[in-house]
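Below: the structure, in structure tokens.
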Amino acid sequence: MQKNELKTPYFMIDEAKLISNLEIAKRLKELSGVKLVLALKCFSTWGVFDIIKPYLDGTTSSGPYEVQLGYETFGGETHAYSVGYSEDDVKAVADMCDKMIFNSQSQLKAYRHLIEDKASIGLRLNPGVSCAGQDLADPARQFSRLGVQADHIDEEVFSSIDGVMFHMNCENKSADNFITLLNSISDRFGRYLDNMQWVSLGGGVFFTWPGYEIEKLAAALKAFSDKHGVQVYLEPGEAIITKTTDLVVTVVDVVENGMKTAIVDSATEAHRLDTLIYNEPASIMEADENGEHEYVIGSCSCLAGDQFCVAKFAEPLEIGQKLHIMDSAGYTMVKLNWFNGLRMPTVYCERANGELQKLNEFDFQDFKRALSQWSVQ
Ligand SMILES: Cc1ncc(COP(=O)(O)O)c(C=O)c1O
């Protein structure tokens, strides 16, 4: 299989880049004693889990199928968390998870008896402070439903749990900023934490970002762990998979209506949803900020405003030309959908030795089955 022969659209996961993120994760673990569980909500392409497994301690999840996926394909510790469990959900995952984290005191009360002999039990607390660029992704936003807020805590609850989870960061690239949040948690909730076995500090700590002060982060995590006598966990998603994967597309048309638009054989709405939800333009590998030729990189969906970005190029784009939409793994492959009946991107991994391996491919039957399996009689 040669790269230039592959049909677009496709994702290409680069093993060497993934390993360089994982090496940083390993270092953080060694320096701090923290355990790391992969947040499957961000990335769950299990075909590459054999690469990730030696570096991390397990997985964490947001819904029952993620628990099962982590249990079956990753192993290690399986953390189960959900914003809202049904009784069936709790029963379904009880025998698969090592830790079960409830989002509210009412859920804890309702379902504790189903899990107490089977897993370590935790409760999500809302620290009331956060670092998140957008309100939509801010767990401490007004009226947040994510975790128990400090003034709603019934102190007796701590006698019936082993640990707590906080999640309050989104792409936080500053160790200092994280430490401020950590200190606030320690001050505000410390007397409860002292009686816990473990504390998860959630995800969103971007410790693989270039220049991130890993040593500073590690020292703070270690001090927190020593002070409260707890095993600390982080739940990284984006930090593990960042900058490892391109979505490769082909220019299928160029139209000009005031601006040149290159239409590609993919759409943000179907294949890169967060570009649209968070209004964060994608980056194109072939772009050149000093280039003279400016294009909207437009999706081939029917949504009028569906575009990847505006970018400049040194040469005019040509129909048939491939473009690499960079950093397309986190919160992307987990959100793929069949809108407009577009071709679903194939998924490949480029191994560190240069070999290309196909992890998934989709066809019309997959599209059809996603819509109905049976017709009315
Ligand atoms: C509870 C929890 N843990 C972990 C994560 C992973 O965050 P990230 O991918 O930013 O590291 C999230 C993301 O929303 C989360 O809600």
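Could we say that Phe11 is among the hydrophobic types (A, V, I, L, M, F, W, C) and surrounded by 21 or more Cβ atoms within 10 Å (Cβ to Cβ) here? Show your work before the answer.
On the way: among the hydrophobic types (A, V, I, L, M, F, W, C): yes; surrounded by 21 or more Cβ atoms within 10 Å (Cβ to Cβ): yes.
It is true that Phe11 is among the hydrophobic types (A, V, I, L, M, F, W, C) and surrounded by 21 or more Cβ atoms within 10 Å (Cβ to Cβ).
Would you be able to say whether some residue in the stretch 191-206 is farther than 25 Å from Tyr85 by Cα and surrounded by 14 or more Cβ atoms within 10 Å (Cβ to Cβ)? Checking the stretch 191-206: at least one residue is farther than 25 Å from Tyr85 by Cα and surrounded by 14 or more Cβ atoms within 10 Å (Cβ to Cβ).
Of the listed requirements (1) open to solvent by 30 Å² or more (accessible area, probe 1.4 Å); (2) touching a residue at least 24 places away in the same chain (Cβ under 8 Å), Asn183 misses just one: (2).
Per-residue answers, yes or no, for (1) in the same structural domain as Asn172 (by TED's automatic domain parsing); (2) at pLDDT 95 or above; (3) away from the ligand (no atom under 16 Å from the Cβ); (4) farther than 30 Å from Asp194 by Cβ:
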site: Ala220; (1), (2), (3), (4): yes, yes, yes, no
site: Glu235; (1), (2), (3), (4): yes, yes, no, no
site: Asp253; (1), (2), (3), (4): no, yes, yes, yes
site: Ala270; (1), (2), (3), (4): no, yes, yes, yes
site: Ala282; (1), (2), (3), (4): no, yes, yes, yes
site: Glu292; (1), (2), (3), (4): no, yes, yes, yes
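For the stretch 162-179, name all the residues that are away from the ligand (no atom under 16 Å from the Cβ) and within 17 Å of Val199 (Cα to Cα).
Of the residues in the stretch 162-179, the ones away from the ligand (no atom under 16 Å from the Cβ) are 162, 176, 179.
Within the stretch 162-179, Asp162, Ile179 meet the criteria.
Can you spot a residue in the stretch 151-161 that is within 13 Å of the ligand (Cβ to nearest atom) and either surrounded by fewer than 18 Cβ atoms within 10 Å (Cβ to Cβ) or in a helix (DSSP H, G or I) (or both)? No, the stretch 151-161 contains no residue that is within 13 Å of the ligand (Cβ to nearest atom) and either surrounded by fewer than 18 Cβ atoms within 10 Å (Cβ to Cβ) or in a helix (DSSP H, G or I) (or both).
The values are calculated or read from the model by the stated rules, or taken from the named source; none is laboratory data. No experiment lies behind these values; they were computed from the predicted model shown. With ideal geometry, Cβ positions are generated from the backbone for all residues, glycine too; neighbour counts draw on all protein chains shown. Surface areas here come from the heavy atoms of the whole protein model, side chains and all, with no ligands, DNA or RNA. Shrake-Rupley method; radii C 1.70, N 1.55, O 1.52, S 1.80 Å.
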